[in-house]
Amino acid sequence: MSPTAPHDDADPELEHLLALYTQPRPEGRLQVELCMVASLDGTISVGGRSGPLGDPADHAVLGALRRHAGLILVGAGTIRAEAYGPVDEGVTMAIVTRTGNLDPTAPVFRDGRAWAIAPASATIPDGIAVLRCGDDDVDIVDAVSRLHEIAPQARFIHAEGGAVLNGELIAADLVDVVNLTLSGHTAAGPGPRVAMNATEVLHRFTPEHSVTRNSMLFTRWRRHRD
């Protein structure tokens, strides 16, 4: 999904939509919720960014999920491509990087709420807090199990991509919920799909809601583990 934007609190239809995403989460292990916007023909970015696919309601859903989760999991490449800024107070951002290629002067690190999630082999610039998971590559299973250490306030893990990180989460069967917004656009082009570059697996999800608003379809799917 694309960067957050204000929404109209007097819009009851939008408030109903946001309420669907901010229900209480299960106690215990932090569940992982993948949140993406995609075109009708399957891409998650146009010109390298998700913004052209979104609309104000999509932005509002993203903001509500971020605030309700208290913890954002995202890849370093997505941080750079989408030019992330600081997150809201009470929200921690966990940035997955294999190489340590992070700019400590970037806006996302300005308020001290962003952490690097990196293997032992990666050199992380001074001034960036880091959670080490894995030796030469990020151990995503270990990372997910330990994110509560850096975000004790979190209700769940809100994962924003990119496609490679999404693929790793899905391949490891770590994704409990997919919050997928289908945008009323086609895009063609070379853009990535929701998940890529991972072991091929087939996991079943069941729908929890499907809501249309303007040219967008907002859906929520839960992993079927029986």
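Details
- Within region 100-131, being more than 18 Å from ARG146 (Cα to Cα), of a type in the set (Gly, Ala, Ser) and either surrounded by fewer than 18 Cβ atoms within 10 Å (Cβ to Cβ) or touching a strand residue (DSSP E or B) at 6+ places or on another chain (Cβ under 7 Å) (or both) holds for GLY100, ALA106, GLY112, SER121, GLY127.
To keep it simple, each residue is scored yes or no on (1) closer than 24 Å to GLU27 by Cβ; (2) buried (at least 17 other Cβ atoms within 10 Å of the Cβ); (3) touching a Ser or Thr at 6+ places or on another chain (Cβ under 6 Å).
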position	(1), (2), (3)
ASP58	no, yes, yes
HIS68	yes, yes, yes
ALA76	no, yes, yes
ALA83	no, no, no
PRO86	no, no, no
ILE95	no, yes, no
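- Output for region 84-101, where each listed residue is touching a Phe, Trp or Tyr at 6+ places or on another chain (Cβ under 9 Å) and not in a loop (DSSP other than H, G, I, E, B): THR92, MET93, ALA94, ILE95
- Any hit, region 43-52, residues being touching a residue at least 24 places away in the same chain (Cβ under 8 Å), touching a Gly at 6+ places or on another chain (Cβ under 9 Å), under 18 Å from GLY191 (Cβ atoms) and part of a strand (DSSP E or B): yes
- The listed residue being of a type outside the set (Gly, Ala, Ser), touching a residue at least 40 places away in the same chain (Cβ under 8 Å) and not in a loop (DSSP other than H, G, I, E, B), out of VAL211, VAL194: VAL211
- Residue in region 66-77 that is among the basic types (Lys, Arg) and in contact (Cβ under 8 Å) with a residue 60 or more places away in the chain present: yes
- Selected residue (only one of LEU169, LEU217 is farther than 18 Å from GLY48 by Cβ and either crowded, with 18+ Cβ neighbours inside 10 Å or touching a Cys at 6+ places or on another chain (Cβ under 8 Å) (or both)): LEU169
- For region 103-123, the count of residues that are modelled with pLDDT of 95 or more, closer than 23 Å to GLY47 by Cβ and not hydrophobic (A, V, I, L, M, F, W, C) is nonzero.
- When GLY161 is tested against (1) in a loop (DSSP other than H, G, I, E, B); (2) surrounded by fewer than 21 Cβ atoms within 10 Å (Cβ to Cβ), just one condition goes unmet, and that condition is (2).
- Residues of region 172-214 that turn out to be more than 24 Å from GLY51 (Cα to Cα), surrounded by fewer than 11 Cβ atoms within 10 Å (Cβ to Cβ) and modelled with pLDDT under 95, as a count: 2
- Listed by first and then second residue, the pairs linking a residue in region 135-148 that is in contact (Cβ under 8 Å) with a residue 24 or more places away in the chain and closer than 15 Å to ASP173 by Cβ to a residue that is acidic (Asp, Glu) and surrounded by 15 or more Cβ atoms within 10 Å (Cβ to Cβ), with Cβ atoms under 6 Å apart and 6 or more places separating them unless they lie on different chains, are ILE140/GLU168.
- When residues of region 12-42 are limited to those that are of a type in the set (A, V, I, L, M, F, W, C) and assigned to a helix (DSSP H, G or I), the one farthest from ARG220 (Cα to Cα): LEU14
- Scanning region 53-75 for residues that are touching a Lys or Arg at 6+ places or on another chain (Cβ under 9 Å) and either more than 28 Å from PRO190 (Cβ to Cβ) or not in a helix (DSSP H, G or I) (or both) yields ASP55, HIS68, ALA69, GLY70, LEU71, ILE72.
The values are calculated or read from the model by the stated rules, or taken from the named source; none is laboratory data. It should be emphasised that the depicted structure is a prediction, and the values quoted were computed from it without experimental measurement. Glycine also receives a Cβ, built like all others from the backbone with ideal geometry; neighbour counts cover every protein chain displayed.
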